[in-house]
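Worksheet: the structure to be examined is printed underneath.
The values are calculated or read from the model by the stated rules, or taken from the named source; none is laboratory data. Every value quoted in this text rests on a predicted model; they were computed, and no experiment measured them. Cβ placement follows ideal geometry from the backbone for every residue including glycine, while neighbour counts extend to all protein chains displayed. With ligands, DNA and RNA removed, areas are computed over all heavy atoms of the protein, side chains included. Shrake-Rupley method; radii C 1.70, N 1.55, O 1.52, S 1.80 Å.
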Amino acid sequence: MLDTIQAINRSAAFNRWAGFDVTQAADGQAELRMKWREEDMGQYTGFLHAGMIAALLDTVSGFAAATVAGRVLASHFSINCISPAIGEAFVARGRVVKAGRKQVFVGAELFAQPEGQGEDKLKLVATANAILVPVDEASTTPKPKPKQAA
């Protein structure tokens, strides 16, 4: 499963740009790591931008859900920023709370790895809850645009 989720991650242009690295994905759980890049990830006071926080939590939630439900799309997503996101790297962890046929409930957490510290010193900076819906391949395949008459 890890190989499949890593391949999906590599196929997403945003995830490649952001440097998301899938380190775990199996049995309703997933983990992402991302290194801090001050020049393009910070907000005006130098912390990790809330948009990046949301992207990490949304992505890890989707990957956790995908390990039990296959292809999914977010139906609901909410985050709580609980501490300034400052660190040399960030770790997002998602876990399926309940998986049904039509909805998958996921909880996620984002941790900052302080400068010069190991993973044993991670600091919780944000949490999220997501509801994802399983979708079939046909419903998520982009349809060709009709040609316009000249």
Based on Cβ point charges of +1 for Lys and Arg and -1 for Asp and Glu, what charge dipole magnitude is obtained for the chain about its Cα centre, in debye rounded to the nearest 20? 680 debye
For the chain, just run the numbers: alpha carbon Rg, then divide by 2.2 N^0.38 Å, N being how many residues it has. 1.11
Order the following by accessible area, largest value first: Val97, Val60. Probe radius 1.4 Å; ligands, DNA and RNA are ignored. Val97, Val60
Exposed-loop-free span, longest in the chain, where trypsin sites (Lys or Arg not before Pro) count as exposed if DSSP calls them loop and at most 16 other C-beta atoms lie within 10 Å: 103-146
Roughly speaking, what is the centre-to-centre gap between the stretch 1-16 and the stretch 82-113 when only Cα atoms are used, to the nearest Å? 17 Å
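Compute the accessible area per residue over the chain, keeping the other protein chains in place, probe 1.4 Å, unit Å².
Spelled out: the 1.4 Å probe surface of the chain, per residue, equals 59 Å².
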Percent of accessible area on the stretch 7-150 owned by carbon and sulfur, 1.4 Å probe? 53 percent
Counting DSSP beta bridges with both partners in the chain, what percentage is antiparallel, nearest 5? 100 percent
Per-selection metrics, the stretch 46-128 (Cα): Rg and Dmax in Å: 13.4, 44
Per residue of the chain, what 222 nm ellipticity follows from adding -39500 (n - 2.57) for every DSSP H run with n ≥ 4, rounded to the nearest 500? -8000 deg cm²/dmol
Low-density loop cleavage sites - chymotrypsin sites (Phe, Trp or Tyr not before Pro) in the stretch 1-84, where at most 15 other Cβ are within 10 Å (DSSP): Tyr44
Relative contact order as a percentage, the stretch 3-143, C-alpha pairs under 8 Å and 6+ apart, gives 23 percent
